[in-house]
Amino acid sequence: MILCCGEALIDMIPAQTGSGEKAYLPLAGGAVYNTAIALGRLECPAGMLTGLSTDLFGQQLATGLTASNVDTSLCITSSRPTTLAFVELTGGHASYTFYDENSAGRLLSPEELPPLPTSVTALYLGGISLAVEPCAEAYAALAADAGDRVVMIDPNIRPGFIKDENRYRDRLDRMTARADILKVSDEDLHWLEPGDATLADKAARLQAKGAGIVLVTKGKDGALGFLQNGQQVSVHGQSVTVVDTVGAGDTFNAGVLASLQDRKLLSREALAKAGAEDISQALAFGAKVAAVTVSRAGANPPWRSELTAA
């Protein structure tokens, strides 16, 4: 099982009432939640570990996970509120304002973490959960104690959400050192490694810190993969009519993991031997899955049957 560890929240998507007044539609979301949903819909064995509220929004999140075949047995429930993310769309591009104080997800502590069953073979971590404490340290501890499980990390950096940049960078460095797969957007990469160096040089710096395979997404321009043996692969983005970009990167990550799972490469030993063609195929499938998501409103990943039908 691929265990997705991180935030589950409600995206408040801009809408209009019948009389044309501004309104918000509450949709289940969060970077890690979106990836878990996408994995479940792609028929991968997937689970979610998060701090989940028992409030009405938390119930909506739990229902969504179950409906997409995601195991919720490792979620830690409490009566604290659910995180809300108000979305602003500009030309289809999403920006966010978060309401996260004292939330069920944010206040998850390392002491609350359950022991991981042997059925968990890979961990996926990322999102805003790596920027706020105490949950950020809980997820860092999970990565550090992953044992022989594959670890994939996508920091999905939102600078406006970071209160202590030094602590955040230190935490990401520690987690990078354990990442078998580190996925970053080109914007993330420039934030992590400032300066005028090329994407390849900056990816190499992350690998020098301990990262295994580094994946860099470039929006509509596709994605790059940097292998540990120095090889580089790239795929083009798919041409679609973009409705919005909510959940695009999260769905891409699920596609990559699903492809590796399908090719029996989701173990540390197998991943270390993966070749350029393997990673190229994983990137291409990630791009295909993400293209469906951006073609419709909100984070609404496709089911495997939709990709087959296409």
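Throughout, read-outs are computed from the coordinates displayed, never taken from laboratory work. Owing to the predicted nature of the structure, the values given are computational and were not obtained by experimental measurement. Glycine also receives a Cβ, built like all others from the backbone with ideal geometry; neighbour counts cover every protein chain displayed.
Tabulated data
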| item | result |
| --- | --- |
| Reciprocal of mean inverse Cα separation for region 98-146 (Kirkwood radius, Å) | 11.5 |
| Footprinting exposure proxy for Thr63, Thr118 (fewest neighbouring C-beta atoms within 10 Å first) | Thr118, Thr63 |
| Percentage relative contact order, region 44-134, counting C-alpha pairs under 8 Å, at least six apart | 27 |
| Exposure proxy order (Cβ contacts within 10 Å, fewest to most) of Glu21, Glu88, Glu7 | Glu21, Glu88, Glu7 |
| Arg268 versus Glu137: modelled label distance in nm, points set 7 Å from Cα along the beta carbon direction | 2.5 |
| Label-point gap, in nm, between Ala204 and Asp55 - each point 7 angstrom along Cα→Cβ | 4.9 |
| Fraction of antiparallel bridges per DSSP, region 45-175 only, in percent to nearest 5 | 40 |
| Cα-centred dipole magnitude for region 1-82, charges only on beta-carbon of K, R (+1) and D, E (-1), debye, nearest 20 | 40 |
| Dipole in debye (nearest 20) - region 152-294, about Cα centre, beta carbon charges: Lys, Arg +1; Asp, Glu -1 | 340 |
| Cα centroid separation, region 169-187 to region 219-242 (Å) | 18 |
| Span from the region 276-297 Cα centroid across to the region 189-212 one, whole angstrom | 23 |
| Length-normalised contact order of the chain in % [C-alpha pairs under 8 Å, at least 6 apart] | 17 |
| Region 1-96: antiparallel DSSP beta bridges as a percent of all, rounded to 5 | 50 |
| Additional length obtainable on full extension of the chain from Lys22 to Asn229, 0.36 nm per residue less Cα span | 69.3 nm |
| Beta bridges per DSSP with both ends in the chain, % antiparallel, nearest 5 | 45 |
| Unit charges at the beta carbon, dipole of the chain: most positive-side option, Ala62, Ser109, Ala282 | Ala282 |
| Net charge dipole size for the chain [Lys, Arg +1 and Asp, Glu -1 on Cβ; Debye, nearest 20] | 480 |
| Relative contact order (%) - criterion: Cα under 8 Å, at least six apart; region: region 136-191 | 49 |
| Partners for Lys288 among aspartates and glutamates (Cα-Cα distance below 12 Å; same-chain residues under 8 apart left out) | Glu306 |
| Cα-only radius of gyration and Dmax that characterise region 25-92, units Å | 12.5, 39 |
| Which of Met12, Met175 has the fewest Cβ neighbours within 10 Å, and the rest in rising order | Met12, Met175 |
